[in-house]
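Below is one structure; the comments refer to it alone.
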Amino acid sequence: MRFFARFKRYFSRQKLLPPPPRETGAAAPWPPAPVAATARNAFQSAVSPEPAWLKYPVTPPKGHIIVFANEKGGVGKSMSAFHTCIALCNAGESVAALDVDLRQLTLHRALWARLESATEYGVKLPGPEQIMLAQQNESELEEKLRMARIRHSFIIIDVGGHDSPIARRAIFMADTIVTPVNDSFIDLDMLGRIDPRSGEFKTLGNFARLVEHLKEPGLAIRPKPLDWVVMQNRSRSLGTKNEIKVREALEKIAPVAGFRLVPGLRERVTYRELFPQGLTLFDLEMLPQLGRMQPQAREEIWAMLRALRLPSEALNRAIE
Ligand SMILES: Nc1ncnc2c1ncn2[C@@H]1O[C@H](COP(=O)(O)OP(=O)(O)O)[C@@H](O)[C@H]1O
Ligand SMILES: [Mg+2]
């Protein structure tokens, strides 16, 4: 019975479709007239026919890749990656987050905590698509980034504090590299060496050499030039002797290494308290029971985002 019902339904549906177009004009002659041999069709018959998709221009990758990297731990890579990621999500951008720091997964943990906080407090907190690496190798990273670039406007990558093939591949694919540094001369060694007595620039550091190598023309086909930003992060107090000395040293290294120097997030207890819950100061507008938004901190986050010069109209309008 059921079979006949389906059979009837099938035929009644067929009637709803328009009838096939009738053939008009005289029937095509048989056998068809031979095609005059030209160089072009001789070539076409020699090779396989051109596939249809080749006739359309290939869409260039859309997503802007921002890589937070420095071969130094504890400088605030994950913290600034998280803030940039959430700011872009709040601005309504489509964002993907990827953690290449596979031993710590700090960025992913903060984002998972964000999902838990949203459920616990009963609020809607915008967040990115989290991309996990199952095989944890460079080809998987490249493949996932290629797909993410089609679906999202921004891809945020947090890279671990040590050199590895997968970290290099992430840096290689970046449109913007953000390197947070702390106010310490030892931190600067990875970027360049400055003579402590004369204050003269001596040589480039290992990380600067790596970026220089990855920037080499011909190595990567870049639709836009790579922007390398070094961010002075976790400053305890502005205008101290040490902070000024570190900034002066960075300003000497910058033109040789090819980075821009920008201000980052200052050392604040609020950041440290909110981070494990997957929250930023901007979420406090929705969660006033957790504290108040500090205007100075808001200005600081906006200054950091402005300095990154990200290609997001929505974000740039919000932080003007
Ligand atoms: N601006 C800041 N103010 C206060 N604490 C910070 C700040 N940036 C980072 N931290 C804290 O310092 C530690 C290391 O930061 P993290 O972002 O994980 O560094 P990295 O990723 O470079 O290793 C974390 O406990 C984090 O909460
Ligand atoms: Mg980290």
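The values are calculated or read from the model by the stated rules, or taken from the named source; none is laboratory data. The structure presented is a predicted model; accordingly, all values stated were derived computationally and were not measured. Using ideal geometry, Cβ is built from the backbone for each residue, glycine included, and neighbour counts are taken over all protein chains shown. Accessible surface areas use protein heavy atoms only, side chains included; no ligands, DNA or RNA. Shrake-Rupley method; radii C 1.70, N 1.55, O 1.52, S 1.80 Å.
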Among (1) more than 14 Å from ligand 1 (Cβ to nearest atom); (2) open to solvent by less than 20 Å² (accessible area, probe 1.4 Å), where does VAL67 come up short? (1)
If ALA110 satisfies every condition in (1) over 28 Å from PHE207 (Cβ atoms); (2) of a type in the set (A, V, I, L, M, F, W, C); (3) over 13 Å from the mean Cα position of the chain (by Cα) but one, which is the exception? (1)
For region 148-165, give me each residue that is open to solvent by less than 60 Å² (accessible area, probe 1.4 Å), modelled with pLDDT of 90 or more and touching a Gly at 6+ places or on another chain (Cβ under 9 Å). ALA148, ARG149, HIS152, SER153, PHE154, ILE155
Identity of the residue in region 113-134, within 16 Å of ligand 2 (Cβ to nearest atom) and either within 23 Å of THR179 (Cβ to Cβ) or within 15 Å of the chain's Cα centre (by Cα) (or both), that ends up modelled with the lowest pLDDT: LEU133
Looking across region 169-183 at residues that are more than 15 Å from the chain's Cα centre (by Cα) and part of a strand (DSSP E or B), the single one that is nearest to ligand 1 (Cβ to nearest atom) is PRO180
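Looking only at region 241-274, count how many residues are more than 30 Å from GLN289 (Cβ to Cβ), among the β-branched types (Val, Ile, Thr) and within 28 Å of the chain's Cα centre (by Cα).
To start, the set of residues in region 241-274 that are more than 30 Å from GLN289 (Cβ to Cβ) comprises 241-263.
In the following step, the residues that additionally are among the β-branched types (Val, Ile, Thr) were identified as 244, 246, 253, 256, 262.
Those left that are additionally within 28 Å of the chain's Cα centre (by Cα): 253, 256, 262.
Total meeting the criteria: 3.
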Quick one: count up the residues across region 266-286 that are out of contact with any Leu (no Cβ under 7 Å at 6 or more places or on another chain), more than 19 Å from VAL95 (Cβ to Cβ) and touching a residue at least 40 places away in the same chain (Cβ under 8 Å). 2
Which residues, taken from region 282-320, are open to solvent by 10 Å² or more (accessible area, probe 1.4 Å), in a loop (DSSP other than H, G, I, E, B) and either basic (Lys, Arg) or more than 22 Å from ARG114 (Cα to Cα) (or both)? ARG292, ARG309, PRO311, GLU320
Hits in region 125-147 (condition: exposed (fewer than 14 other Cβ atoms within 10 Å of the Cβ) and farther than 22 Å from LYS62 by Cβ): ALA134, GLN135, GLN136, ASN137
Can you tell me which residue is farthest from ARG268 (Cα to Cα) among those in region 62-85 that are within 9 Å of ligand 2 (Cβ to nearest atom) and in contact with a Gly (Cβ under 8 Å, 6 or more places away or on another chain)? GLY73
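For the structure I just gave you, tell me whether LEU279 is more than 16 Å from ligand 2 (Cβ to nearest atom), open to solvent by less than 40 Å² (accessible area, probe 1.4 Å) and in contact with a Gly (Cβ under 6 Å, 6 or more places away or on another chain).
Judged against the criteria, LEU279 is not a match.
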